[in-house]
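Reviewing the structure listed below.
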Amino acid sequence: MLGQTERGVASLLIELRDSKITVRHGTTRETILTTTAVEGDWKKLWATIDDLGPEIPSADPYRAAFYGEDE
């Protein structure tokens, strides 16, 4: 049995650059979090997103090739 569906509207922008992961508010672009990324953090982030539902195909062919995903 499925629970109630999530209500509301929200968005995040997540960027990995120069060993830093930055999370920004999707509308205001305000920085919510900046953290140093270590090897495997980006893969863990995607694993968390993938756990939310069906597999999300990558729009980034370089990411898809690196992680062995189908485009």
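The values are calculated or read from the model by the stated rules, or taken from the named source; none is laboratory data. Please read these numbers as outputs of a predicted model, since none were measured by experiment. Neighbour counts run over all protein chains shown; Cβ positions are idealised from the backbone, glycine included.
If I filter segment 35-53 for residues that are modelled with pLDDT under 75, out of contact with any Ser or Thr (no Cβ under 6 Å at 6 or more places or on another chain) and not acidic (Asp, Glu), do I get at least one hit? Yes, that holds for at least one residue.
Residues are listed down the side, and each one gets a yes or a no for (1) assigned to a strand (DSSP E or B); (2) without any contact (Cβ under 8 Å) to a residue 60 or more places away in the chain; (3) β-branched (Val, Ile, Thr):
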| position | (1), (2), (3) |
| --- | --- |
| GLN4 | no, yes, no |
| ARG7 | no, yes, no |
| LEU13 | yes, yes, no |
| LEU16 | yes, yes, no |
| ARG24 | yes, yes, no |
| THR28 | no, yes, yes |
| LEU33 | yes, yes, no |
| LYS44 | no, yes, no |
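Restricting attention to segment 39-52 and to residues that are of a type outside the set (D, E, K, R) and surrounded by 10 or more Cβ atoms within 10 Å (Cβ to Cβ), the residue that is nearest to ASP18 (Cα to Cα) turns out to be TRP42. Within segment 58-71, take every residue that is closer than 18 Å to LEU12 by Cα and surrounded by 10 or more Cβ atoms within 10 Å (Cβ to Cβ) and give me the one that is modelled with the highest pLDDT. The qualifying residue modelled with the highest pLDDT is ASP60.
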